[in-house]
Amino acid sequence: MSRRIKTVAILVIATTALAGTVWYTRWRDPVPAGAPNRPTGGKGGWPGAGAKGGGMPVPVRTAIAQEGSIDVTLDVLGSVTARTSVIVRARVDGLLEHIRFKEGAEVHEHDVLADIDARPYQAALKQTEGQLARDEALLESAKVDLERYRMLLTQDSIAKQQVDDQTALVHQYEGVVLSDRGTVEAARLNLGWTHISAPISGRVGLRQVDVGNMVHAADAAGIVVLTQTQPINVTFAVPAEKASALVNHLHRGESVAVDALDRDGKTLLARGHVESADNVVDPATSTVKLKSLYDNRDGALLPNQFVNARVTLQRLDHQVLIPATAVQHGTPGAYVYLVGPDHTVSVRVIIPGPQSADRVAIAQGLAVGDEVVIDGTDKLHAGSKIMSAHDAPAAAADPAYGHHGKRGGHAPPLGEPRAGTDSSVRSTMPQAPPDAESTRSSGWAMHPGGPPDEAARAAWRRRREAERSQPPAQP
């Protein structure tokens, strides 16, 4: 029993020693020789970062709350539908001789798309025209005989019954000629249908049959599908409780904007407006279908494409707007880090309002002109000091930069807006974090806690261990 207890004790001691060694070598932040002890309460390896009431300031980016307008939008999934879609079919049967369109090209109404062998229909037209000519000659002969019989009747040379029979014969021939003329028109129409033309203007798809095949009027696939894509529609469904407001806008003749975005909701494809709404509510989903219209002159929308439809329900004016990245969520709910005059931050609980892609309206908690933190909030809490532009430490990571962190000595001061950036967002981040080689010249090695960057701190540890392992120099 005593041996077993000794074995367990030895294992416990060995495990404890190993854990202590690992902690000492990997997780302990070394302090340079001669440097004062680092203040506690900071986060990570940054000395005093986020420490309440003291320590180094935390580098952050801030923005000023502004007054502006924001749209109340609703994002729904929509499907692109062609304005008009036609399956181009042959009207007569025959051999397909020519394809006159390029797949995927835009065509205009009445453009010839394909040709069918027309020789059988040309022969049929000549046959009907010959029959018409024969019957017209018989009609003329009957009319001449009728006039002659009428003259003889006045002279009482023939019976009246003979005149009546000739009159009926003339009417009979007139009917035959009228029928022949209709047959000729039908034959001429069939001949014209051997040239298949576009019924509408639009874009043709891939052909469904090749040259040399027999085509029939009863073919389901047809020759090609023609779709009108300029303009084009997007069909989407909105909840029934929100559809009533949109329908009321349409009845008043007001335009309701709808933006078509890609599946990720980041790229704008087209801008349009609501054109029409369905007159029933889908009982399965409790939604109402609406249709929006787009010019689509650049061809960004294609039929059967899925898009995100962003419907603008209303526009709110005179709102307090801040970047969406400034809003944090935690135990108190939604809050922001408000920057005070002394460059310290405080937690301000807010009530967010509508949000757009990158901005959010604040219904309660902020006023126009308030400064909030939009980047670097993971190292902050109430009372933390932030690093302003003139408090930023010098950076010398890039040899092209001067000793004050300015390329060629002419870079703009830290924190001032650069050309092409929003002046409402003020950056207080250092331009370049110091590396292991620049810690000596920039003074980071002399500061409690070593370099501020984890990679630089590891390089600093390796350099310190290498210096300790070298034998002392001989006097």
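Below, the figures for the structure above:
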| quantity | calculated |
| --- | --- |
| Residue list for region 202-211, restricted to those being in a loop (DSSP other than H, G, I, E, B) and either touching a Ser or Thr at 6+ places or on another chain (Cβ under 9 Å) or not assigned by TED's automatic domain parsing to the domain that holds GLU109 (or both) | GLY205 |
| Residue identified as closer than 30 Å to VAL112 by Cα and modelled with pLDDT under 95 among ARG181, ARG207, ARG188 | ARG207 |
| Output for region 172-201, where each listed residue is closer than 16 Å to VAL88 by Cα and assigned to a helix (DSSP H, G or I) | GLY192 |
| Matching residues in region 268-298 - criterion: being surrounded by 12 or more Cβ atoms within 10 Å (Cβ to Cβ) and assigned to a loop (DSSP other than H, G, I, E, B) | ASP278, VAL281, SER286, ASP295, ASN296 |
| Leading residue by the ranking (nearest to ARG181 (Cα to Cα)) among those in region 110-126 that are of a type outside the set (D, E, K, R) and without any contact (Cβ under 8 Å) to a residue 60 or more places away in the chain | ALA123 |
| Options VAL224, VAL211, VAL204, VAL234: the member that is more than 16 Å from ALA105 (Cβ to Cβ) and surrounded by 17 or more Cβ atoms within 10 Å (Cβ to Cβ) | VAL234 |
| Only one of VAL327, VAL288 that is assigned by TED's automatic domain parsing to the domain that holds GLY369 and either more than 16 Å from VAL76 (Cα to Cα) or at pLDDT 90 or above (or both) | VAL327 |
| Exclusive hit being modelled with pLDDT under 95, surrounded by 13 or more Cβ atoms within 10 Å (Cβ to Cβ) and assigned to a helix (DSSP H, G or I), set ASP145, ASP75, ASP71 | ASP145 |
| ILE374 surrounded by 20 or more Cβ atoms within 10 Å (Cβ to Cβ) and under 27 Å from the mean Cα position of the chain (by Cα) | yes |
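Matching residues to (1) under 25 Å from GLU241 (Cα atoms); (2) within 20 Å of the chain's Cα centre (by Cα); (3) of a type in the set (A, V, I, L, M):
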| site | (1), (2), (3) |
| --- | --- |
| THR287 | yes, no, no |
| THR331 | no, no, no |
| SER346 | no, no, no |
| ILE350 | no, no, yes |
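The values are calculated or read from the model by the stated rules, or taken from the named source; none is laboratory data. Note that the coordinates shown come from a computational prediction; the quantities given were computed from them, not determined experimentally. Neighbour counts run over all protein chains shown; Cβ positions are idealised from the backbone, glycine included.
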